Amino acid sequence: MQQYLETLWEVLVSFFLDVLIALVIFVIALYLARILSSIVRKMLDHRKIPLGVVQLFSQLTYWTVIVTGVILALQRFFNVIPFVAGLGIVGLTVGLALQDVMKNFVAGLIILIQQPFLVGETIGVRGFDGTITAIDLRSTEMRASDGRLVILPNADVLANPIINYTRTSQRQADISINLPLNCNPDTVKQILLDAGRDIEGFLYKPEPAVVFSNMTDSAIQANLSFWVDVKKNDLARVREAILFKVKSAFSEEGIEIPHPVQAVYSRAV
């Protein structure tokens, strides 16, 4: 009888000790969950991440720590590895069934955290240029330059090169002009280099450059390469202003743009 009581006492002590350890583990998990979720929230708030995403990541961090603590606490009483493995198999099955949805979801989270672009910015991706109107966890909406509303899956956006025009203060442009063979290259070059003067946004640092790149039987091609401060003026408007000034200067110098020449021969029968 005494041996039985001693065994019972040892079992009870061991059980209560396991309960105490499990409770300590759970309390520590609660404490860590609150701290880590608060840290994640502050970090994301500092990056100005949308509130919904901040809450999502904060809750994911909180419950991940809690679940880990519960598993460690239950491990004191029985082997939870087979149960966790079963949950993993179920999760894998669900993940495979929702592969495309999850792929866009994860891509959306990455876009919202890394912020390669924001709502209101103008970007180019997958052959579309336009202004971002909305970013959610599944897709990105863009108002294209021709007025179309383009909805792109986030996974496709993230998998392709993204051009952010809004965050670029300077852009390079080129203008190609065909000139007559008898023109004076020095005069043409000076006209092209002076064409940007007094045009808002036209930059002389980096310096514009004129290169004669090609010559045919009727014309020689000159290429003007220049930089524009897109914060001050639109690139297309600068190009237009330069073309008008070049045309006016060519008229004053008597330089005519050559037309394609086609010889037609006729034979009397």
## Note on the structure
Most exposed to least, judged by fewest other Cβ atoms within 10 Å, PHE202, PHE26 sort to PHE26, PHE202
#### Entry: Residues SER58, SER169, SER225 arranged by fewest to most Cβ contacts within 10 Å
SER169, SER225, SER58
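Taking other Cβ within 10 Å of each residue's Cβ, how do LEU118, LEU109, LEU149 sort, fewest first? Walk me through the numbers before you get to the answer.
Details: LEU118 14, LEU109 17, LEU149 11.
Result, fewest neighbours first: LEU149, LEU118, LEU109.
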### Task
Please list the non-local residues whose amide H lies under 5 Å from the amide H of THR140, H modeled 1.01 Å from N, same-chain partners needing a gap of 5 or more.
LEU152, ASN154
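Give me the number: length gained by fully extending ARG126 to ILE39, i.e. 0.36 nm times residue separation minus the C-alpha to C-alpha distance, one decimal in nm.
On the way: separation 87, 0.36 × 87 = 31.32 nm, distance 3.60 nm.
Extending this stretch completely gives an extra 27.7 nm.
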### Query
How far apart, in nm, are two points set 7 Å out from the Cα along the Cα-to-Cβ line at ASN184 and at ARG148?
5.0 nm
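Cα-Cα over 24 Å: which of LYS189/LYS232; LYS42/LYS232; LYS205/LYS245; LYS48/LYS232?
Numbers: LYS189/LYS232 26 Å; LYS42/LYS232 36 Å; LYS205/LYS245 20 Å; LYS48/LYS232 27 Å.
Listed pairs above 24 Å: LYS189/LYS232; LYS42/LYS232; LYS48/LYS232.
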### Message
Spelling out what I want: for every residue of the range 125-130, take phi, set θ = phi - 60°, compute 6.51 cos²θ - 1.76 cosθ + 1.60 (Karplus), and round to whole Hz; glycine and proline get x.
### Response
7, 6, x, 10, 10, x
### Query
Separation between the GLU252 and LEU20 pseudo-spin-labels, each 7 Å from Cα along Cα→Cβ, expressed in nm?
9.8 nm
#### Entry: Residue (of THR187, VAL228, ALA209) at the positive-pole extreme of the range 170-253, dipole from beta-carbon charges
VAL228
### Message
So, R0 is 51 Å and r is the distance between the beta-carbons of ALA209 and LEU30; what FRET efficiency does that work out to, to 0.05?
### Response
0.20
### Query
Between GLN75 and ASP156, what FRET efficiency follows from the Cβ-Cβ distance if R0 is 45 Å, with the result rounded to 0.05?
0.60
### Task
Could you check the simple spin-label distance between THR168 and ARG138, using points 7 Å along Cα→Cβ, in nm with one decimal?
3.2 nm
### Summary
Net charge near LEU109 (other residues with Cβ under 14 Å of its Cβ; Lys, Arg +1; Asp, Glu -1) is +2
#### Entry: Under Karplus coefficients 6.51, -1.76 and 1.60, residue-wise ³J(HN,Hα) of the range 33-47 in Hz, glycine/proline x
4, 5, 5, 5, 5, 5, 4, 4, 4, 5, 5, 6, 4, 5, 8
### Query
How high is the FRET efficiency from ARG47 to ASN233, r the C-beta distance, R0 35 Å, rounded to 0.05?
0.65
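Taking the Cα centre of the range 170-253 as origin, sum charge times position over the Cβ atoms of Lys and Arg (+1) and Asp and Glu (-1), and report the length of that vector in debye to the nearest 20.
Working: 10 positive and 12 negative charges, 63 e Å.
The dipole magnitude comes to about 300 debye.
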## Note on the structure
Taking Cα atoms only, Rg over Rh for the range 116-164 with Rh from the Kirkwood formula is 0.90
### Task
Would you grab the residues whose amide H sits under 5 Å from the one on TYR165? Only those 5+ places off in sequence or on another chain, please, with H modelled 1.01 Å from N.
THR122, ILE123, GLY124
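Values quoted throughout were computed directly from the atomic coordinates according to the rules given, and no laboratory measurement underlies them. Fair warning: this is a prediction, and the values are worked out from it, not measured in the lab. Backbone-built Cβ (ideal geometry, glycine too); neighbour counts: all protein chains shown.
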